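Worksheet for the structure shown next.
The values are calculated or read from the model by the stated rules, or taken from the named source; none is laboratory data. Fair warning: this is a prediction, and the values are worked out from it, not measured in the lab. All Cβ positions, glycine included, derive from the backbone under ideal geometry; neighbour counts span all protein chains shown.
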Amino acid sequence: MKKLFALLLALAMVLSLAACGASEAPAATEAPKADAPAAEAPAAEAATGSVYYLNFKPEADAAWQELAAQYTAETGVPVKVVTAAGGEYSSTLNAEMAKDSAPTLFQCGNMAGLKDWDEYCLNLAGTDFAAELTTDAFNLYNEAGELKCVGYCYECFGIITNIELLEKAGYTVADITDFASLQKVAEDITARSAELGFSAFSSAGLDSSSSWRFSGHLANMPLYYEFRDDGVNEAPATITGAYLDNFRNIWDLYIENSTCTGAELSGKTGDNSKADFTEGKAVFYQNGSWEYAGLVEAGMDAAKLTMLPIYCGVEGEAEAGLCSGTENCWAVNAKASEADQKATLDFMKWVVTSDAGTTMMAEQFGPIPFKAAKTPENVFFAAANDLTAAGKYVVTWAFNHTPNVDSWRATVVTALAKYSADQSDANWAEVVTAFVDGWAYEYSVVNG
């Protein structure tokens, strides 16, 4: 599952739209008509517009159907939900948009998709719905600077932390606010590991079952800050590696304060790393929100878990939040009637502000970047929401831009493994080459 997730992320920039699940024909499932008494809802005739949502998550179909029916019962506004089968969203959207009764609300998950559908995407700036957002980090803007797509949920990754072990070492989560403080805590734990009975970090395994955490997710750190500085919002032909010293900072910290030596990493698996953490052998474990269920199933107490940002020594990083991203973005059909556009925007606002809507979103999607968001059961999502609410900036998923991703990552992993066994400057230079020259090469392979 973790590999599939990483692969889907890596393919994000070459797919204009994405979906999950099986590849069967789209399931045209519509919300049942409400039978609410007139005292509870206006007469259907009073509605001046309607909503047609083309949903792209089959696993959330039943929840959307129920929510749509409730909204219709409360307002009298018809809401139709059609769910495309997994893997068929793009073709379904193309077919539905060609009809007279086209979707009024649809998915447009990345910049490639926005380029295809820009003229169909209403500018959402200034709408009451957009005013409910707590961050702009997951939204998509066209070349004219118009807000065309709003990210309505996200996933995150960072440094998963065992609060109980951290406290046994004499520290709290509040003690870690940047790379310097993380380094101080990690190195102190290492110095006392025999006494404490645990290490700072679980193994940074470079076996194929684990390496994506570092050639993909940890590599996001230097890529994010470089792209932030340079204003990059699509795959560049070249990168400079301006923040690779910061990547070295955090990588050295991982491998020098771990449950194993750097020379052992090439054979360490994802299961080894997870076991280090679940068995109480390490305080810190780099991974994502998707690990929550597995950690709880392994017997860990959710109340004793949290997620810290990945700090690597960049100026101002004390204001950083978790590494978060999404392809779950809503767009409103600019070619729909004004009445249907208004009805759709009203429905969207209700979803992210009402008790029924925010409850469903928390249960089905986890964290949502809106003021009225409910706290999800997943504590890593809760940590992401708390950091965003506190005004921390979101470290977005720059690794989505990686060209020829599998080949580029493989080269980086090979260089990292060699460096980990012998942390010389000469071996680090090979990591830099794999990053920078490898990027240019793989871009040319893909783009000519």
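Please list, ordered by residue number, the helices (runs of 4 or more DSSP H) wholly in the stretch 330-432 having 1 or more residues that are at pLDDT below 95, out of contact with any Ser or Thr (no Cβ under 7 Å at 6 or more places or on another chain) and surrounded by fewer than 23 Cβ atoms within 10 Å (Cβ to Cβ). Steps first, please.
Values: elements: 338-353, 355-365, 379-389, 405-421.
Here the list reads 355-365, 379-389, 405-421.
Select from the stretch 282-314 the residues that are in contact with a Phe, Trp or Tyr (Cβ under 6 Å, 6 or more places away or on another chain), part of a loop (DSSP other than H, G, I, E, B) and under 16 Å from residue 159 (Cα atoms) and list them in ascending order. Hits for the stretch 282-314 are 311, 312, 313. With the requirement that a residue be of a type in the set (Asp, Glu) and without any contact (Cβ under 8 Å) to a residue 24 or more places away in the chain, what does the stretch 191-225 give you? Across the stretch 191-225, the qualifying residue is only 195. If you go through the stretch 180-226 and pick out every residue that is outside any strand (DSSP E or B), hydroxyl-bearing (Ser, Thr, Tyr) and either surrounded by fewer than 20 Cβ atoms within 10 Å (Cβ to Cβ) or more than 27 Å from the chain's Cα centre (by Cα) (or both), you end up with 5. When the helices (runs of 4 or more DSSP H) confined to the stretch 77-169 are screened for residues that are not assigned by TED's automatic domain parsing to the domain that holds residue 54, those reaching at least 2 such residues are found at 163-168.
Within the stretch 112-169, restricting attention to residues that are among the hydroxyl-bearing types (Ser, Thr, Tyr) and closer than 30 Å to residue 276 by Cβ, the residue that is modelled with the highest pLDDT is 161. Got at least one residue in the stretch 284-302 being touching a helix residue (DSSP H, G or I) at 6+ places or on another chain (Cβ under 7 Å), within 30 Å of residue 93 (Cα to Cα) and either surrounded by fewer than 23 Cβ atoms within 10 Å (Cβ to Cβ) or touching a residue at least 60 places away in the same chain (Cβ under 8 Å) (or both)? Scanning the stretch 284-302, I find at least one residue that is touching a helix residue (DSSP H, G or I) at 6+ places or on another chain (Cβ under 7 Å), within 30 Å of residue 93 (Cα to Cα) and either surrounded by fewer than 23 Cβ atoms within 10 Å (Cβ to Cβ) or touching a residue at least 60 places away in the same chain (Cβ under 8 Å) (or both), so the answer is yes. Remark: residue 318 matches the filter, which requires a residue to be assigned to a helix (DSSP H, G or I), assigned by TED's automatic domain parsing to the domain that holds residue 226 and surrounded by fewer than 22 Cβ atoms within 10 Å (Cβ to Cβ).
Being closer than 22 Å to residue 286 by Cα and out of contact with any helix residue (DSSP H, G or I) (no Cβ under 9 Å at 6 or more places or on another chain) is the filter here, so list the residues in the stretch 356-382 that pass it. Within the stretch 356-382, just 382 meets the criteria.
Does the stretch 273-281 contain any residue that is in a loop (DSSP other than H, G, I, E, B), in contact (Cβ under 8 Å) with a residue 60 or more places away in the chain and not assigned by TED's automatic domain parsing to the domain that holds residue 53?
Filtering the stretch 273-281 down to residues in a loop (DSSP other than H, G, I, E, B) leaves 279-281.
Remaining after also requiring in contact (Cβ under 8 Å) with a residue 60 or more places away in the chain: 280-281.
Still in the running and not assigned by TED's automatic domain parsing to the domain that holds residue 53: 280-281.
Looking through the stretch 273-281, at least one residue is in a loop (DSSP other than H, G, I, E, B), in contact (Cβ under 8 Å) with a residue 60 or more places away in the chain and not assigned by TED's automatic domain parsing to the domain that holds residue 53.
Test each condition in (1) in contact with a strand residue (DSSP E or B) (Cβ under 9 Å, 6 or more places away or on another chain); (2) in contact (Cβ under 8 Å) with a residue 24 or more places away in the chain for residue 188 and report the one that comes out false. Here residue 188 clears every test but (2).
Here the condition is being closer than 20 Å to residue 233 by Cα and in contact with a helix residue (DSSP H, G or I) (Cβ under 9 Å, 6 or more places away or on another chain); of 447, 404, it holds for 404 alone.
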